[in-house]
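**Student:** I am attaching a structure below and will ask some questions about it afterwards.
The values are calculated or read from the model by the stated rules, or taken from the named source; none is laboratory data. Bear in mind the structure is a predicted one, so any value in this text is a computation, not a measurement. Every residue, glycine among them, receives a Cβ derived from its backbone with ideal geometry; neighbour counts consider all protein chains shown.
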């Protein structure tokens with residue numbers, strides 16, 4: 001099988017180097033992850049003419065969150081069944097597919113379970129004598145088992161030199177190296193390639209105190225040899241905590257040879273009584289050398305994180321206009337509704353940041369940070385505070401229930417710690433901001449960001465206790481009714497969304513928003529509800545201005561447009577980036593719970609959206625990659 005694919009690769013026409021300005025080579029477009037394209041063939045004047053160009057179905061219809069990349073005159077994306085699929089960008093026809101468990105490959109004998117996969121990465125040799133040889137162009141994919149595969153970009157055949165020195169040709173694995181803890185090592189987001197280094201993060205389970213450490217590793221793009229590794233846990237504490245990993249996407253600066261990490265809380269994530277020491281690289285933006293893995297700068301956005309306020313997406317490495325100057329910056333979104341903006345080289349804040357006192361824990365043994373850093377600007381991109389008068393309900397009884405529930409819970413504003421009585425966290429641990437949720441428009445100097453405004457309720461339950469939870473907890477429970485274990489701590493954690501008996505959020509709508517933030521002034525340029533709620537086969541009307549639960553995010557283009565799927569109502573939408581006005585929409589086969597992308601092939605610009613629904617928003621799951629173009 002591999003011999004046939006090798007011969008096929010050599011028989012193919014020599015592909016040119018990926019076109020400048022028209023490719024979407026990483027999850028976030030440019031390596032900096034700004035989710036912006038310079039293409040403007042589709043623009044505010046003709047976007048209403050967009051029509052479906054083609055639809056590709058993989059057959060793997062579960063949990064599709066992929067954003068395809070465009071390189072080597074092909075589209076590449078990953079499916080929930082651990083496959084890489086190459087598609088003709090003009091017709092949508094499948095060119096090849098790779099699966100490590102499929103007949104003809106069978107690289108490894110592991111469980112090919114369904115898992116989210118957001119992206120793959122592309123590399124091509126800078127050597128003109130190598131680039132058109134077999135595996136002179138490669139596609140890389142991380143998986144739920146901690147492996148990273150390297151395949152030939154023309155044929156999908158495994159690159160046997162990648163990982164061969166460690167005894168498994170065709171892939172490298174984080175399991176060949178120490179993890180300093182227990183539990184799975186996985187990834188739902190793809191690696192990133194800078195020069196000849198494939199940089200891949202380890203995802204871990206962050207509830208057990210002894211979770212594996214959140215290593216990020218750089219591998220040689222050809223051989224898979226380990227070049228460097230970064231561990232966010234201080235060496236003296238590797239036996240006392242773990243995690244602080246990166247589950248989301250990465251961004252980079254190829255010119256400066258830097259990679260940027262959005263890290264998570266250390267373990268255990270909702271209880272910190274076992275880690276009262278400092279772990280400065282947890283819940284932090286960390287800038288590393290892509291050559292050595294050494295830390296260049298970092299900033300911890302949440303100290304002693306016991307709120308699960310992981311950094312949910314890569315910092316946007318972009319050039320903004322501020323105070324009459326152009327500045328290269330890293331813009332970091334947060335789950336709690338704020339943007340931090342740093343100088344890309346030094347990490348110095350572009351806007352002032354102040355320390356504010358925050359609530360303290362009433363749990364014995366827990367030591368909360370007395371203050372947290374708050375940027376004075378930009379303004380928050382979502383609602384960040386609640387009062388009892390804000391409680392929502394579509395009937396007086398419904399609203400009264402929410403008001404009573406609000407009074408029962410502990411809520412002292414932002415950064416209210418979990419408690420035994422039950423605490424309200426707002427914005428909830430799902431955001432605020434979340435993965436894929438921000439894009440930058442350099443023409444208008446705007447960050448475009450989506451947000452959720454649904455609170456979460458957390459209960460710490462003494463382990464092996466018969467204590468009852470406070471009454472009135474209907475709605476969609478995120479965790480086990482008896483609480484989920486946090487091994488190594490004296491507590492279990494129960495988490496639920498803050499909803500009324502009717503299943504609607506008690507927090508006021510809109511529950512999903514799209515916001516434009518001016519990067520010169522730091523002020524909000526515009527804000528609008530985004531999407532329509534769809535439940536039980538009913539799409540609720542737009543005049544309610546509820547917005548929708550959102551999974552995914554926006555892109556912007558030089559055509560003056562924002563494109564975004566991400567809502568429960570199965571619509572793909574286009575907006576005027578200057579005003580937020582909706583200009584166009586089209587119904588997808590399934591909800592587009594991902595980040596779109598755009599590219600140009602044979603002089604035609606395409607907009608592509610993965611439409612696969614998502615179980616977390618109660619939307620039907622499917623397997624459609626949908627491309628749009630002008631007639």
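**Student:** Suppose we filter the stretch 357-397 for residues that are part of a helix (DSSP H, G or I) and either surrounded by 17 or more Cβ atoms within 10 Å (Cβ to Cβ) or touching a helix residue (DSSP H, G or I) at 6+ places or on another chain (Cβ under 6 Å) (or both); how many remain?
**Tutor:** Residues in the stretch 357-397 being part of a helix (DSSP H, G or I) and either surrounded by 17 or more Cβ atoms within 10 Å (Cβ to Cβ) or touching a helix residue (DSSP H, G or I) at 6+ places or on another chain (Cβ under 6 Å) (or both): 1 in total.
**Student:** Sticking with this one: Of the residues 562, 551, 555, which is in a loop (DSSP other than H, G, I, E, B) and buried (at least 19 other Cβ atoms within 10 Å of the Cβ)?
**Tutor:** 551
**Student:** Collect the residues in the stretch 492-504 that are in contact with a strand residue (DSSP E or B) (Cβ under 9 Å, 6 or more places away or on another chain), buried (at least 21 other Cβ atoms within 10 Å of the Cβ) and assigned to a loop (DSSP other than H, G, I, E, B), keeping them in residue-number order.
**Tutor:** 498
**Student:** Further question: Quick check on the stretch 426-437. Is at least one of its residues in contact with a strand residue (DSSP E or B) (Cβ under 9 Å, 6 or more places away or on another chain), assigned to a strand (DSSP E or B) and either crowded, with 24+ Cβ neighbours inside 10 Å or on the phi > 0 side of the Ramachandran plot (or both)?
**Tutor:** yes
**Student:** Also, quick follow-up: Which one is surrounded by the most Cβ atoms within 10 Å (Cβ to Cβ), of the residues in the stretch 206-241 that are under 27 Å from residue 66 (Cβ atoms) and free of Cβ contacts under 8 Å to residues at least 40 places away in the same chain?
**Tutor:** Per the criteria, the residue is 212.
**Student:** Taking the options 509, 554, 487, name whichever one is in contact (Cβ under 8 Å) with a residue 24 or more places away in the chain and farther than 30 Å from residue 50 by Cβ.
**Tutor:** Selected residue: 487, the only one of 509, 554, 487 that is in contact (Cβ under 8 Å) with a residue 24 or more places away in the chain and farther than 30 Å from residue 50 by Cβ.
**Student:** For the stretch 124-220, which strands (runs of 3 or more DSSP E) that fit wholly inside it have 2 or more residues that are in contact with a strand residue (DSSP E or B) (Cβ under 6 Å, 6 or more places away or on another chain) and under 24 Å from residue 74 (Cα atoms)?
**Tutor:** 137-142, 147-152, 192-194, 197-201
**Student:** Within 30 Å of residue 561 (Cα to Cα) and at pLDDT below 90: which single residue out of 472, 431 fits that description?
**Tutor:** 431
**Student:** Then there's this: For residue 313, are the conditions met, namely being crowded, with 23+ Cβ neighbours inside 10 Å, part of a strand (DSSP E or B) and touching a residue at least 60 places away in the same chain (Cβ under 8 Å)?
**Tutor:** The answer is no for residue 313.
**Student:** Which residue, of 458, 489, 515, is assigned to a loop (DSSP other than H, G, I, E, B) and either under 25 Å from residue 553 (Cβ atoms) or at pLDDT 70 or above (or both)?
**Tutor:** Only one candidate qualifies: 489.
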